[in-house]
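In what follows, a single structure is set out as C-alpha cells and then discussed.
The values are calculated or read from the model by the stated rules, or taken from the named source; none is laboratory data. All values reported here derive from a predicted model rather than from experimental measurement. Using ideal geometry, Cβ is built from the backbone for each residue, glycine included, and neighbour counts are taken over all protein chains shown.
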Amino acid sequence: MIEYEKKGFFNIHTLLNKDSANISNSDNNHVYSQLISGNCSSPMFSYLLNMNKQNLNDYKSIMFYNESNLASLINEAREMEELIDGSTVFLSKANKKIKMHFSKTLEQRHSTRSFVFENMDFSIFSNIMHFSFGISSRKLNFNDVQSTTRYYSSGGGLYPLNIDKVDAKSFFIGDNIDTQNMNFCVFFEYSINRNYVKYGELSLLNTFVELGGMSHNFDLVCHSMHYSTCPIAGFNKSSVEKFLFLDGINDHIVFTNICGKE
Ligand SMILES: Cc1cc2nc3c(=O)[nH]c(=O)nc-3n(C[C@H](O)[C@H](O)[C@H](O)COP(=O)(O)O)c2cc1C
C-alpha cells in the first residue's frame, strides 16, 4: 500500500519491485503498452473486453425478472427492509419546490472542496435527499402491481445503491477536502445481491452508470439550493466500510460526494 504522505518521493522513473505490476521499470505508459499487446492482464481491461458478453444464465435470469415483474414486487415491499430504531433520522416532508431555473443550475454546478461553515436547515437537507435520491410522485402500474420510481434511472428498476450519511473526518485521501466546514457527505453503497442475480457480469457496469446519474443529480439539486458539492473517488474504502459495519464482500462503498456552503 502506498503511503500517500511519502508520494513526493515517487516519480515516473522510480523502480519498485514489491508490486508485481512493476517488475520492469514500469509507468502507466509502459503498463498500457504491455496490456494492449496482451502481455499482462488487468481486471479493468478484461472487464472491458468481456463487457456485454451474455451467458445463457444471464438471459435466463433477465427473462425471469422481466416476466415475473420482480422489480415492481421488490420495490413495493422495500419499506419492509427498513430497520427503524432510536438512531433512525426521519426526514421532514419535502415541500419546497426547486425555484432555480434549470439552465442557471447547470451554469452554477462546479466542484468545491472548501466551504464556509453555516448550519444547514433540516428542511433543506431533507429536500436535497428527496430530490437527489428519493421516490418521485410518479406511479406506474405493471400487471396490477403499483410500482414507484425515483428521481434517477436504475438498471432494471432494482436500485442497487443505497445512500449512507456519515460524520466524516478521516475518510478522504489527502487533505484537500474541507471536512471541518462541509455540511455533510454521502457514501454510495452498492449491494451486489440486488442486481447480480438478474444481470450477472453486466451488473457492475449498470451500477457505475447509475451511480454517475445519482451523483450528478445530487450535484444539480444541491447547486439549485445554493449549496456546492464535490464528487470524490479518493476515499478510504475499507475504513468507511468498517465504520458503517459493511462486510466489504456483498456491500461496498463505491463513491462519495460532499456538500457545503461556499
Ligand atoms: C468520477 C469522479 C471522481 C472524482 N474524484 C475526485 C477526487 O477524488 N477528489 C477531488 O478533489 N475531486 C474529484 N472529482 C471532481 C473533479 O476534480 C471535478 O469534477 C473536475 O475537476 C471538473 O471540475 P468541475 O466539477 O468544477 O466542473 C471527481 C469527479 C468525478 C466525476
Enumeration of residues in the range 53-79 that are outside any loop (DSSP other than H, G, I, E, B) and either at pLDDT below 85 or touching a Cys at 6+ places or on another chain (Cβ under 9 Å) (or both): ARG78, GLU79
Single match in SER114, SER132, SER170 (criterion: part of a helix (DSSP H, G or I), closer than 20 Å to PHE235 by Cβ and in contact (Cβ under 8 Å) with a residue 40 or more places away in the chain): SER132
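One line per residue, one yes/no per condition, for (1) under 21 Å from GLY156 (Cα atoms); (2) surrounded by 15 or more Cβ atoms within 10 Å (Cβ to Cβ); (3) charged (D, E, K, R):
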site	(1), (2), (3)
ASN206	yes, yes, no
LEU211	yes, yes, no
SER215	yes, yes, no
GLY234	no, no, no
CYS259	no, yes, no
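Find the residue count for the range 123-153, including only residues that are more than 16 Å from the ligand (Cβ to nearest atom), surrounded by 12 or more Cβ atoms within 10 Å (Cβ to Cβ) and under 22 Å from GLU79 (Cβ atoms).
Counting residues in the range 123-153 that are more than 16 Å from the ligand (Cβ to nearest atom), surrounded by 12 or more Cβ atoms within 10 Å (Cβ to Cβ) and under 22 Å from GLU79 (Cβ atoms) gives 20.
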Failed criterion for SER228 (all others in (1) among the small types (Gly, Ala, Ser); (2) at pLDDT 95 or above; (3) surrounded by fewer than 16 Cβ atoms within 10 Å (Cβ to Cβ) hold): (3)
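Look through GLY212, GLY200 and report the one residue that is within 16 Å of the ligand (Cβ to nearest atom) and not β-branched (Val, Ile, Thr).
Step by step, each of GLY212, GLY200 is checked, and only GLY212 is within 16 Å of the ligand (Cβ to nearest atom) and not β-branched (Val, Ile, Thr).
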Odd one out for ILE192, checked against (1) of a type in the set (A, V, I, L, M); (2) closer than 15 Å to GLU241 by Cα; (3) within 15 Å of the ligand (Cβ to nearest atom): (3)
Failed item, numbered, when LEU91 is tested on (1) at pLDDT below 80; (2) surrounded by 10 or more Cβ atoms within 10 Å (Cβ to Cβ): (1)
Test: residue in the range 96-109 that is within 16 Å of the ligand (Cβ to nearest atom), without any contact (Cβ under 8 Å) to a residue 40 or more places away in the chain, farther than 25 Å from GLY157 by Cβ and acidic (Asp, Glu): yes
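Results for (1) away from the ligand (no atom under 16 Å from the Cβ); (2) among the aromatic types (Phe, Trp, Tyr); (3) closer than 25 Å to SER203 by Cβ, shown as yes or no for each residue.
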site: SER224; (1), (2), (3): no, no, no
site: CYS230; (1), (2), (3): no, no, no
site: LYS242; (1), (2), (3): yes, no, yes
site: ASN257; (1), (2), (3): no, no, yes
site: GLU262; (1), (2), (3): no, no, no
Top-ranked residue in the range 9-31 [being at pLDDT 70 or above and surrounded by 14 or more Cβ atoms within 10 Å (Cβ to Cβ); ranked as farthest from the chain's Cα centre (by Cα)]: HIS30
Flag for SER170 being of a type in the set (Gly, Ala, Ser), within 16 Å of the ligand (Cβ to nearest atom) and over 29 Å from LYS97 (Cβ atoms): yes
Cβ-Cβ under 7 Å pairs, at least 6 apart or on other chains, the range 245-262 side among the charged types (D, E, K, R), far side assigned to a strand (DSSP E or B): ASP251/GLU189; ASP251/SER191; GLU262/SER228
